[in-house]
Every structure is written in C-alpha cells, then in structure tokens.
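Please read the structure below before turning to the comments.
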Amino acid sequence: MPITGCRWRAPRVTRERRDRLPAPSRTPPPRPQPDPSPRLGPTREPHPRPHRFGAGAPGPGQPGLTSTSAVRARPVSPARPAQAPAASPSLRLSLPPIPGAGCARWRRRGPQAAMAAGAGARPAPRWLRALSEPLSAAQLRRLEEHRYSAAGVSLLEPPLQLYWTWLLQWIPLWMAPNSITLLGLAVNVVTTLVLISYCPTATEEAPYWTYLLCALGLFIYQSLDAIDGKQARRTNSCSPLGELFDHGCDSLSTVFMAVGASIAARLGTHPDWLFVCSFIGMFVFYCAHWQTYVSGVLRFGKVDVTEIQIALVIVFVLSAFGGATMWDYTIPILEIKLKILPVLGFLGGVIFSCSNYFHVILHGGVGKNGSTIAGTSVLSPGLHIGLIIILAIMIYKKSATNVFEKHPCLYTLMFGCVFAKVSQKLVIAHMTKSELYLQDTVFLGPGLLFLDQYFNNFIDEYVVLWIAMVSIFLHFIYFLTMLKSYFSEISVASRSSLGRAWWLTPVIPALWEAEVYGSFEVRSSRPTWSTW
C-alpha cells in the first residue's frame, strides 16, 4: 500500500542500532525498471549537489543516512557519490523532497513551493514580485488576448469625425500609429514647457504668442490622438500595445494640460483653486480607467475629454488676445473674479462625470460577486489615487516654506508623474486582468518630501522637490528598461515604419532596429478594435 501525505517520518535510528546495520554494498544496486502504474505524488531524485549533512553525503532516505532527525550523518564513501536506493516492488513511497525543509513547509506552501525550496530556490513574496516584474508570463498571455471595448459618444465627437477623417487622408501609410501618438504628446509637452518657463509660479503674464502656441499644441495633440486608431486600422496594425501606449500618453498629457490651463487663467493667485483643479483633473482621468477596470468597458459621457480639450483651447486663445490679467476682472453683480467661472464650470462637469463613473464602479462589476475583471475588490484601485491625493494635501498644508505656493508648477508636475505611473499600472491591470498592487517605488519621491517635513525641514524643501522630480524621472527610465525585456516591438518606429520620417530620429533615436522592449511581441493579423 503506497504511503502518501506529509506526516511520514523515517524511524529514529540510535547509535547502537546503527552499529548493527550491515555495511553498504560496494556494488551498485540494480537499476529499477519503470513502473507503469501512476504514482500518487512527486518522486524522489538523487541529490547531485553537496547536501547539508556533509560534502558528498546522500540525502534522507538513501543508504548510509540514519534519519532526518539524527545528528549528522557520515558519508558512505568520500570517493564515490551516493547511489539512489533500489525501488521496492512491494512498497512504493511517493513523498515530497525533504532536504531539511520538513513537512511543515509542504503543508504551508504546497508541492511546487516545497520542491522549489528543495532545489535551493525560494519563491519571492508577491509585493517583491510586483516591484521587480512589470509583467509576468501569464499577464503577457492575457495582454495578447485583450480586445478593446468602448461605449458612448460625446457631444462634439460626431462633427469632429468629419474633420478627423479628412485629416487621416494626409497621413502617409508608412507612419506607425504609435508614432502619431508620440508626436502629438511631444508637441503638447514642449509648448506647455515653454509657457511654464515664462510663468513658473502661475502668477506672471507670459507673451501672447506662448498662449497661442499652447492652444495650437493642444489642438494638434487632440487631432493626432483621435486619428492614431484610425491609422492602425488603416494599416492593419492594431494590437493591444497600441491601447497601452495611447493611454500612457494620455495620462502624461492630462498633467501638462492641467498645468497649462492653470497658468493661462492665472490660478496661481489662488493656490487652493489651482491645487483643486489640477488634482481633480487627474482624479477624473483615473476614475475613467477605474470604472473600466471594474466593468471591462471604457465608457464615454456626453461631456468627456474631447469637450474639455476644446474648452481649454478656448481659454488659451482668450488669454492670448485679452491677456492673462483679464481673468482678474471682477464681475460687478456677482462680485467674483472672472477666473472663477471656468473653474465652476469645470467642477460641474467633474461632478457629472464622477457620478456616472462611481455608479458603474459600485454596481457594474463583471467579476465574481460583482468584483473587477481580475476578481478583486472594486474599491481596491482607490488606494493608489487616494494615497497620492493625501500625500499632496499633507505636504501642501504642512509645508513651512510654502513649497506649493512658491513652486506650483514643479510641485504639480512631480505629483503628476506619480499619477501617470499609477494610471499606467491601472491600465495594465485592466488589459492583463490582474491584481493592482499598491507597492511601487514611484512613491519614494513624495515620501522624501514627507520625511523632510517630519524631520523639520532638515534639507531645503525646494532641493528635495527637485530630488523627488529627478528620482521619479529615473524611475520611469528604469520601468521602461524593465519593459524592454518583455516587448520586442511597440510599433513606435523601425526602419520600415520610419521610412521618410527621418526627422523623428532625434526625438526617438533608440527605436532603430525595432529592438526596444525585448523579446516578446504581440501582433494582430487583422483589425480587432471597433474604435480606438
């Protein structure tokens, strides 16, 4: 009768009984024949490596070893390796490997973990794997199986579809869809940085052409972001990585749009309003993907991102022709400044959008028992954005040197980069149907500011703010470097996709040979997305 389970233990052999044991035979035992009957558990293998009982000593259950609980076994022969015991035809032992691990580890971790521990490897904790592995093999497989799903049409989308279709005709076929998205993001970032250089505290008045430049850059970004999916279907190059890249660019663009609009309306004179508008804009973007993680469908409302972008373009144009000081005009009857009107309109749209998002989050879970698509709690993604907002508020209000009032743009950009990384993790969790972990090294930047305040500003907060910004930037480089070992191509550019776009090479010089993102490749033989 085969003995199974984990409670078996070799009988204890005393010194007197060991002396009476026969000496091991020098002739090798006969090689056992394979048993056609299936075994009930993992089989034992000889130990080729030195055992903890001594150099060249056999493992437990082999000739020359007393027991697993004995003191220290003597080697059978220093000159010969230990031989595997002959299988008894009447008694077959099907046991887990016990090289010092004991049965408690078998019961606690299961057979795979016990066998891995027996081989000298110990499985890493989940939080450590979340920090070290951007994507596992199972996540990559689910990413390849992901299909984009969207619902809803905003107010301005139908008339703008005519413009986007016309614009698509001027895009050459050799231009990769993701290069279109990257180009739009680069234009938006560069134009906003020019405006920030003139107004670092969001209280100055920049030259009129900088506002026009920001309006043009935002409109170009909005147009290119709308046609990249059309270009993907046009060139038969749709893939889940396109959605991942598109939403990653959108998360960064949201931060720069919030900073640029705050400068155009001179919200730096009201730091609380600047803080609220900037971080609520990030929160709305996060909620849109939060409800997607819960329901599996990206929903667009009647007033959505397209309408917000067009409204911001109008704000930039008004600041260019009327001057940024026009927003300080006091309305006679209402006795409020003109800049408060766009803020109130923005907050009204936020309340309307968030009410729809949270209705889906609380009642639209498609997983088991109303959970997310990954089977996790529908409220779990709130920990990440909640931690960002709590840290931002605490550092803002507890600062002894008023770091936010003096450097609002740098402060918002630093926390905005943290928000962009966390949003990207949420998008990846949705596309791979996996759990969203809270552990992330991107929180080290805000953590430095928090610790500096805790120790009574041991270092100047402005210096720590720059250190946090640089650390987050290096974190992004590290994250992309790790992704390089997973993806062989993200369709941004290659020798074939660049073609005549030689002017893109200064922006993305490392994308030649399509060697960015390693050895994993996701391709699609036909268009699978109904819309982008």
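For the range 407-456, name all the residues that are acidic (Asp, Glu) and not in a helix (DSSP H, G or I). Reasoning before the result, please.
As a first pass, look at the range 407-456 and keep what is acidic (Asp, Glu): 435, 440, 452.
Selection gives Glu435, Asp440.
Can we say Ser253 is in a helix (DSSP H, G or I) and either touching a residue at least 60 places away in the same chain (Cβ under 8 Å) or more than 21 Å from Leu426 (Cα to Cα) (or both)?
On the way: in a helix (DSSP H, G or I): yes; either touching a residue at least 60 places away in the same chain (Cβ under 8 Å) or more than 21 Å from Leu426 (Cα to Cα) (or both): yes.
Against the criterion (in a helix (DSSP H, G or I) and either touching a residue at least 60 places away in the same chain (Cβ under 8 Å) or more than 21 Å from Leu426 (Cα to Cα) (or both)), Ser253 qualifies.
Assessment of the range 300-308 against the conditions (more than 20 Å from Tyr221 (Cβ to Cβ) and either in a helix (DSSP H, G or I) or without any contact (Cβ under 8 Å) to a residue 12 or more places away in the chain (or both)) yields no matching residue.
Within the set of pairs 6+ apart or on separate chains, which have a first residue in the range 332-353 that is closer than 18 Å to Ala258 by Cβ and of a type in the set (S, T, N, Q), a second that is crowded, with 16+ Cβ neighbours inside 10 Å and at pLDDT 90 or above, and C-beta atoms under 9 Å apart? Listed pairs, sorted by first residue: Ser353/Val284; Ser353/Cys287; Ser353/Ala288.
Residues in the range 192-209 that are more than 34 Å from the chain's Cα centre (by Cα), in a helix (DSSP H, G or I) and among the hydroxyl-bearing types (Ser, Thr, Tyr): 1 in all. Within the range 380-392, work out how many residues are touching a residue at least 12 places away in the same chain (Cβ under 8 Å) and surrounded by fewer than 20 Cβ atoms within 10 Å (Cβ to Cβ). So the answer is 6.
Using the structure shown, decide if Val366 is among the β-branched types (Val, Ile, Thr) and surrounded by fewer than 18 Cβ atoms within 10 Å (Cβ to Cβ). Talk me through it step by step, then tell me what you get.
Working: among the β-branched types (Val, Ile, Thr): yes; surrounded by fewer than 18 Cβ atoms within 10 Å (Cβ to Cβ): yes.
Judged against the criteria, Val366 is a match.
Using the structure shown, decide if Ala400 is of a type in the set (A, V, I, L, M, F, W, C), touching a helix residue (DSSP H, G or I) at 6+ places or on another chain (Cβ under 6 Å) and modelled with pLDDT under 90.
Values: of a type in the set (A, V, I, L, M, F, W, C): yes; touching a helix residue (DSSP H, G or I) at 6+ places or on another chain (Cβ under 6 Å): no; modelled with pLDDT under 90: yes.
No: the conditions fail for Ala400.
Only residues that are part of a helix (DSSP H, G or I), farther than 20 Å from Glu307 by Cβ and free of Cβ contacts under 8 Å to residues at least 40 places away in the same chain were counted across the range 154-190, and they come to 3. For the range 261-282, the count of residues that are under 29 Å from the mean Cα position of the chain (by Cα), assigned to a loop (DSSP other than H, G, I, E, B) and either over 27 Å from Trp164 (Cα atoms) or of a type in the set (Val, Ile, Thr) (or both) is zero.
Is there a residue being acidic (Asp, Glu), in contact with a strand residue (DSSP E or B) (Cβ under 7 Å, 6 or more places away or on another chain) and over 19 Å from Gly281 (Cβ atoms) anywhere in the range 321-333?
Checked against the condition, which is being acidic (Asp, Glu), in contact with a strand residue (DSSP E or B) (Cβ under 7 Å, 6 or more places away or on another chain) and over 19 Å from Gly281 (Cβ atoms), the range 321-333 yields at least one hit.
When we screen Leu212, Leu218 for residues that are within 16 Å of Val317 (Cα to Cα) and either polar (S, T, N, Q) or surrounded by fewer than 23 Cβ atoms within 10 Å (Cβ to Cβ) (or both), the only hit is Leu212.
From the list Asp225, Asp246, Asp250, the lone residue that is at pLDDT below 90 and either in contact with a Ser or Thr (Cβ under 9 Å, 6 or more places away or on another chain) or closer than 22 Å to Gln161 by Cα (or both) is Asp246. Just one of (1) surrounded by fewer than 18 Cβ atoms within 10 Å (Cβ to Cβ); (2) of a type in the set (S, T, N, Q); (3) assigned to a helix (DSSP H, G or I); (4) touching a Pro at 6+ places or on another chain (Cβ under 7 Å) fails for Gln231. It is (1).
Of the residues that make up the range 135-152, is at least one more than 25 Å from the chain's Cα centre (by Cα), modelled with pLDDT of 90 or more and within 22 Å of Thr306 (Cα to Cα)?
no
The values are calculated or read from the model by the stated rules, or taken from the named source; none is laboratory data. Worth saying up front: this structure is predicted, and the values here are computed from it rather than measured. Quick reminder, even Gly has a Cβ in these numbers, built from the backbone with ideal geometry, and neighbours come from all protein chains shown.
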